[in-house]
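Below: one structure, written as structure tokens.
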Amino acid sequence: MATKLGIIGAGGMVNYHIPGFLSAGAEIVAIADYNPAAAKAVGARYGVTRLYKDAAEMLAGCPEIDAVSVILPNKFHCPVALQALRAGRHVFCEKPPALNAVEALEMKTAAEEAGKTLMFNFNNRARPESRAMMDYILDGTVGAINSAQAKWIRRHGIPGFGGWFTNKALSGGGPLIDLLHMVDLAFYFMGCPEPEYVLATTFNDFITDKNFKGPWGIPDVADGVTDVENATHGFVKFRTGQVLSFQASWAEMVEREEVSVVFQGKKSGGMVRRLFGRDGIDDTAIDSAELYTQEHGRPVNRCLITEADPAMGRERSAANFIRAIEGREAPLNSPDQALMLMKIIDAAYESSNTGRPVEIR
Ligand SMILES: NC(=O)c1ccc[n+]([C@@H]2O[C@H](COP(=O)([O-])OP(=O)(O)OC[C@H]3O[C@@H](n4cnc5c(N)ncnc54)[C@H](O)[C@@H]3O)[C@@H](O)[C@H]2O)c1
């Protein structure tokens, strides 16, 4: 029988989630959104007629729902996921997992107590390039990864001023928490090791400069709050001895938008990248994946050819959630991994505030 799903949040991302769930054979039973017009428009697009105001109404009105998809501003990830898990539903939650590690731990504990699956939309793990690269990591071609560099950098990419993205109480932070995808992808390639120390600095030179607004995002809120960083640079040392440097920015003096992980393994190196022609314009983006090896005494660069996926794995990531709860596929991520990522993010912000390296316990 098809898994029955409830969607909570009918904003921009729902248009990736729903096709992904449908491709795995799930049935969308209901949609909830504070904004009735948003719920109605998405309902009309996908033929869903049961519309609700919020998670509580939907969970009470639809006892047959097996799972929910939480696609809300970051502040609501934890409370709504807890509500659904405690009502006995599996949860697929957008990234970042939560505002901080305390919340992520609460979510992990609630999932364990309910005996339900909790997964997050780390969609870059589901990209064709990442899946191809994982084949070489898992078959031993790469060997243990010593070091990696993760980047999601934009020149002009602030997603609106004064809305939830730029309000720390609602978002948890700026590009470091919003664009944590590449830190996650490097962490995934490295085998999800336990972090030990983080040293980081945030910068806010352009965060109120309207010239740095991105070509997407949400409308500006004139009297809203803008109190997050526009760029973060940092370094993580893991308990295994592996190291990761990272750069995440919405606005910075860089050549162009770049989304990449480069790594150095004991046997081969590698790279997965999306390079944009202009910030945020997907149809000019070029995706690539390469392996750097030594063969017959010579350096060799191998290009991994994969199918195009402009959605950057978002649909496949949603499909993986359905297949994982139905026992048809291994889950692409776990609450323990989400918790470690949130500890890295918390430590990066703390390190920036104190000016010192932060030890993660
Ligand atoms: N994985 C990715 O590539 C990716 C990309 C963009 C955004 N996101 C994440 O997706 C989430 C949502 O982002 P978005 O761009 O769709 O946001 P959005 O602002 O476009 O949409 C959010 C929707 O939620 C509704 N809403 C807000 N609070 C609610 C509540 N408590 N109950 C019911 N409805 C509520 C709003 O009315 C709005 O329609 C965020 O966590 C964001 O970080 C992920």
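Structural remarks
- Residues that are near the ligand (Cβ under 6 Å from one of its atoms) and not in a loop (DSSP other than H, G, I, E, B), drawn from the range 60-72: none
- If the condition is being of a type outside the set (S, T, N, Q) and open to solvent by 40 Å² or more (accessible area, probe 1.4 Å), then the range 330-358 contributes A330, P331, D336, K343, D346, E350, G355, R356, P357.
- N301, sole failed condition from (1) surrounded by fewer than 18 Cβ atoms within 10 Å (Cβ to Cβ); (2) in contact (Cβ under 8 Å) with a residue 60 or more places away in the chain; (3) of a type in the set (S, T, N, Q): (2)
- Selection status of V358, within 16 Å of the ligand (Cβ to nearest atom) and within 29 Å of E196 (Cα to Cα): no
- Any hit, the range 203-210, residues being touching a strand residue (DSSP E or B) at 6+ places or on another chain (Cβ under 8 Å) and either free of Cβ contacts under 8 Å to residues at least 12 places away in the same chain or buried (at least 18 other Cβ atoms within 10 Å of the Cβ) (or both): yes
- If you filter the range 2-43 down to residues that are surrounded by fewer than 20 Cβ atoms within 10 Å (Cβ to Cβ) and within 7 Å of the ligand (Cβ to nearest atom), you find that the one that is farthest from G327 (Cα to Cα) is N35.
- Among the conditions (1) open to solvent by 10 Å² or more (accessible area, probe 1.4 Å); (2) within 15 Å of the ligand (Cβ to nearest atom); (3) within 26 Å of I207 (Cα to Cα), the only one that K151 does not satisfy is (2).
- Yes/no for R239 being surrounded by 14 or more Cβ atoms within 10 Å (Cβ to Cβ) and more than 19 Å from N124 (Cβ to Cβ): no
- Any hit, the range 44-53, residues being open to solvent by less than 40 Å² (accessible area, probe 1.4 Å) and within 10 Å of the ligand (Cβ to nearest atom): no
- Among residues of the range 73-86 that are more than 8 Å from the ligand (Cβ to nearest atom), those with a Cβ under 8 angstrom from a residue that is among the β-branched types (V, I, T), sequence gap 6+ or separate chain, pair up as A81/V70; A81/V91; A84/I8; A84/V68; A84/V70; A84/V91; L85/V91.
- For the range 211-228, a residue qualifies if it is surrounded by 16 or more Cβ atoms within 10 Å (Cβ to Cβ) and out of contact with any helix residue (DSSP H, G or I) (no Cβ under 9 Å at 6 or more places or on another chain), and the qualifying residues are F212, K213, G214.
- Pick from the range 92-130, criterion part of a loop (DSSP other than H, G, I, E, B) and open to solvent by 10 Å² or more (accessible area, probe 1.4 Å), ranking: farthest from the ligand (Cβ to nearest atom): G115
- Under the condition of being open to solvent by 60 Å² or more (accessible area, probe 1.4 Å), in a loop (DSSP other than H, G, I, E, B) and touching a Ser or Thr at 6+ places or on another chain (Cβ under 8 Å), the residues counted in the range 304-317 number 0.
- Yes/no for E57 being away from the ligand (no atom under 15 Å from the Cβ), open to solvent by 30 Å² or more (accessible area, probe 1.4 Å) and either part of a strand (DSSP E or B) or touching a strand residue (DSSP E or B) at 6+ places or on another chain (Cβ under 8 Å) (or both): no
- Here A311 fulfils each of the conditions (1) within 16 Å of the ligand (Cβ to nearest atom); (2) over 25 Å from H156 (Cβ atoms) apart from (2).
- A single member of N333, N320, N301 is closer than 19 Å to A132 by Cβ, among the polar types (S, T, N, Q) and in a loop (DSSP other than H, G, I, E, B), and it is N333.
The values are calculated or read from the model by the stated rules, or taken from the named source; none is laboratory data. Keep in mind the model is a prediction, meaning the values are calculated, not measured. Reconstructed Cβ throughout: ideal geometry from the backbone, glycine too, with neighbour counts over all protein chains shown. Areas reflect the complete protein model, heavy atoms only, side chains present, ligands, DNA and RNA absent. Shrake-Rupley method; radii C 1.70, N 1.55, O 1.52, S 1.80 Å.
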